[in-house]
Amino acid sequence: MKKFLIIANWKMNPDSPGRALRLGRAIESGIAQAAGVEIVIAPPFPFLGAVKAALKKARLGAQDAFWISKGAYTGEVSAYQLKHLRVRYVIVGHSERRGLGETDEMVEKKLRAVIDAGMNAVLCVGEREREGDDIPAIVGEQLKRAVAGMEKQNLARLAIAYEPVWALSSTPGSRPDTPAGAHRAMLYIRKILADRYGRSAAENVRILYGGSVSASNAASFLHEGNMQGLLVGGASLRPAEFVEIVRAAAKR
Ligand code: PGA
């Protein structure tokens, strides 16, 4: 069994490198004892250097990456550039980026670029609405399109975050999914991977839950829902709460 993967997605927060450094330090000082958990902090691009300096146990993550390594692409940041900053994990296809116009085709290229650059990718999939218990087919479609060109040997560098958009804390009226709902999504995602790559390769891919994860529900997603990690947004900006989430994962 791989370690639980707990990722802090700071989104476009905080507002200064000094605050980012303090936040990184506060998290680091609380997680030093947490054994058996892999922790990733994904700050905004301009703060990668400042936060990296504060990290000892946690690894550095990024929230996006462009697929071409260099050139005339104003405003973009390439996977290769991130690799040089010692970024180890890159979030790809977050619903907030998809909402700004990122297509499945772009997500596929980004995923490939991250893996080709030698980093790990965290692919986000998730439906905007769900009625009843069934996981909507859009989740499977997003996944299949994103891994369309991915070879089996690269699966070891892939994690998938199931993030139903209706459950994100930034969605008005949101509520977290249930552990049972997240578990169903995990089985559905794993079946798609198993059909394509075989069962044993699929078993090695960590499937995370994200959406209003908090100190009070983290343990239930990991231990009842059997998720292999968590993608944490809002609560990752509150160091004491994020540390509690990491500790919930450390109590396997
Ligand atoms: P949330 O965000 O934990 O604030 O719901 C999760 C995410 O968007 O990755």
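Using label points projected 7 Å from each Cα along Cα→Cβ, tell me how many nm separate Arg19 and Leu85, to one decimal.
According to this spin-label approximation, the distance is 1.8 nm.
Only residues of the stretch 210-252 count here: report those whose backbone N is under 17 Å from the spot 7 Å along Cα→Cβ of Lys191, or say none.
none
Where does the Debye-calculated log10 I(q)/I(0) of the chain sit at q = 0.11, 0.14, 0.17 Å⁻¹, using only Cα point scatterers of equal weight, no solvent?
With one equal scatterer per Cα and no solvent, log10 I(q)/I(0) is -0.53, -0.89, -1.37.
So what's the convex hull volume per residue for the Cα atoms of the stretch 158-233, in Å³?
Working: hull volume 6.1 nm³, N = 76.
Considering the Cα atoms of the stretch 158-233, their hull volume per residue is 80 Å³.
What are the semi-axes of the equivalent ellipsoid for the stretch 1-143, taken as the square roots of 5 times the Cα gyration tensor eigenvalues, largest first, in whole Å?
Values: eigenvalues 130, 84, 42 Å².
Semi-axes, largest first: 26, 21, 15 Å.
Take every Cα pair under 8 Å in the stretch 160-252 that's 6+ residues apart, average their separations, divide by the length, and report that relative contact order as a whole percent. Present the calculation step by step, with values, prior to reporting the outcome.
Working: 140 pairs, mean separation 28.1, N = 93.
Here the relative contact order equals 30 percent.
At what distance in nm do the modelled label points of Ala35 and Asp116 sit from each other, each positioned 7 Å from its Cα along Cα→Cβ?
Once both label points are built, they end up 4.2 nm from each other.
Where the centre of each part is set by its Cα atoms, how far does the stretch 179-252 sit from the stretch 126-161, in angstrom?
14 Å
Do you know the relative contact order of the chain, to the nearest whole percent, from alpha carbon pairs under 8 angstrom that are 6+ apart? Before the final figure, lay out each step's value.
On the way: 493 pairs, mean separation 52.4, N = 252.
Worked out over the chain, it gives 21 percent.
Please list, or write none, the lysines whose alpha carbon is within less than 27 Å of the alpha carbon of Lys2, excluding same-chain residues fewer than 8 places away.
Within the straight-line cut-off, Lys2 pairs with Lys11, Lys52, Lys56, Lys57, Lys83, Lys109, Lys110, Lys144, Lys152, Lys191, Lys251.
Given Cβ point charges of +1 (Lys, Arg) and -1 (Asp, Glu) and nothing else, what value in debye, to the nearest 20, does the dipole of the chain about its Cα centre take?
Using only the charged Cβ atoms, the result is roughly 1040 debye.
Relative to 2.2 N^0.38 Å, what does the C-alpha radius of gyration of the stretch 208-252 come to as a ratio? Two decimals please.
Numbers: Rg = 9.2 Å, N = 45, 2.2 N^0.38 = 9.3 Å.
Taking N as the residue count of the stretch 208-252, the ratio is 0.98.
Send over the Kirkwood Rh of the stretch 62-168, from the inverse of the averaged 1/r over different Cα pairs, rounded to one decimal Å.
Details: mean 1/r = 0.0706 Å⁻¹.
Taking every pair of different Cα atoms in the stretch 62-168, averaging 1/r and inverting gives 14.2 Å.
Quick one: putting +1 on the C-beta of Lys and Arg, -1 on the C-beta of Asp and Glu, what dipole do you get for the stretch 82-181 around its Cα centre, in Debye to the nearest 20?
On the way: 15 positive and 15 negative charges, 134 e Å.
In total the dipole reaches around 640 debye.
A short reminder: the numbers here are calculations on the coordinates, not readings from a lab. Since the structure is predicted, the reported quantities are computational estimates derived from the model, not experimental observations. Note: ideal-geometry Cβ built from the backbone for every residue, glycine included; neighbour counts use all protein chains shown.
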